[in-house]
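Here the structure is laid out as structure tokens; the discussion comes afterwards.
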Amino acid sequence: MTGPLLLLAGVTLWVGLTLLFAELRWFSRRPLAQRIGPYLPGGGAVERHGLLSVGSLREAIGPLSRSVGARVSRLVGVVEDLDRRLRRVHADLDATAFRVRQLAWAIAGFAGGATLTVVLRPPPAWAIVFTAGSMLLAFLLVEHQVTVASDRWKQAVARELPVIAEQLGMLLSSGYSLTAALERVARRGQGAVSRDLRRVLVRVRQGVDVQPALREWAELADVEAVDRLVAVLGLHREATDLGRTISVEARAIRRELQREVVATIERRGQQVWIPVTVAALLPGAILIGVPFAAALRGFLT
């Protein structure tokens, strides 16, 4: 009787384990619809990850890292939304992927601080500073990179805008429509404004009117000169001398940039005089201070 009982127990265990593992995504076979989906039109658009795959892990920690990263950014004084900054610089990553990468760098910083703590064996207070400080420093460095990239993009847009505005004015005066002028400038240019205009044209091809698409660009660019230029371009259906108006606006933008450059040069000139003044006054202060200190010492004794 032992043989049939063992056989029955083995069959029962095999059936039970088969039914149990069939419920697990990492063990069960993919359904037929998912297997033939990549070979059908539009069938490979949705990607389903296994339970223990890298994609499923990213999907699990993505919302958490995004919410935690946004809160830490607000605590350190970063107000602008991350998704807006990434879209401004035409980044390949979205906000969730960026936060996941940022969290990975923070964990790496924590590991480095912990390793340094184990090697140096500092007091507990310094150990906390090493571990927590390294993690926060890694997080802030990644955040600072995207902030600097966003600021540089805004500066590049401001510098290129007068030339782009003059080109648009000449094309509109030559008889081009606004969409055709934008397309010509975007196609022939390689700068920041040209890339932004290519995104505007993509929105136009998607069915959005050219004026709302330009307003979206002005809102995303966050440059005052872009707001004024978009407001002038909004008159393309009403004004008859729009090219001349745009040329006047381009000259005004160029004058603003010249004033900013002059102010920057003056500030840097003042910064140069600070070490020069210190270097000129320090030797004299030492020559005066040495005999004064000697005299004061002799008077006190």
- Could you figure out which of (1) surrounded by fewer than 17 Cβ atoms within 10 Å (Cβ to Cβ); (2) farther than 24 Å from L75 by Cβ isn't true of A132? (2)
- Kindly indicate whether any position in the stretch 97-111 is more than 17 Å from M135 (Cα to Cα) and either out of contact with any Asp or Glu (no Cβ under 7 Å at 6 or more places or on another chain) or surrounded by 18 or more Cβ atoms within 10 Å (Cβ to Cβ) (or both). yes
- Could you list, in sequence order, all residues of the stretch 211-239 that are part of a loop (DSSP other than H, G, I, E, B), within 24 Å of G175 (Cα to Cα) and in contact (Cβ under 8 Å) with a residue 60 or more places away in the chain? H236
- Criterion (polar (S, T, N, Q) and more than 23 Å from the chain's Cα centre (by Cα)) met by exactly one of Q206, Q145, Q155, Q190: Q206
- Residue in the stretch 240-253 that is more than 15 Å from V163 (Cα to Cα) and part of a helix (DSSP H, G or I) present: yes
- Note on the structure: Matching residues in the stretch 66-92 (in a helix (DSSP H, G or I) and of a type outside the set (D, E, K, R)) number 9
- Among (1) in contact (Cβ under 8 Å) with a residue 40 or more places away in the chain; (2) not assigned by TED's automatic domain parsing to the domain that holds T179, where does I253 come up short? (2)
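The values are calculated or read from the model by the stated rules, or taken from the named source; none is laboratory data. Computed from a prediction, not measured in an experiment: that's the story for all the values here. Methodologically, a virtual Cβ is constructed for each residue, glycine included, from the backbone with ideal geometry; neighbour enumeration extends over all protein chains shown.
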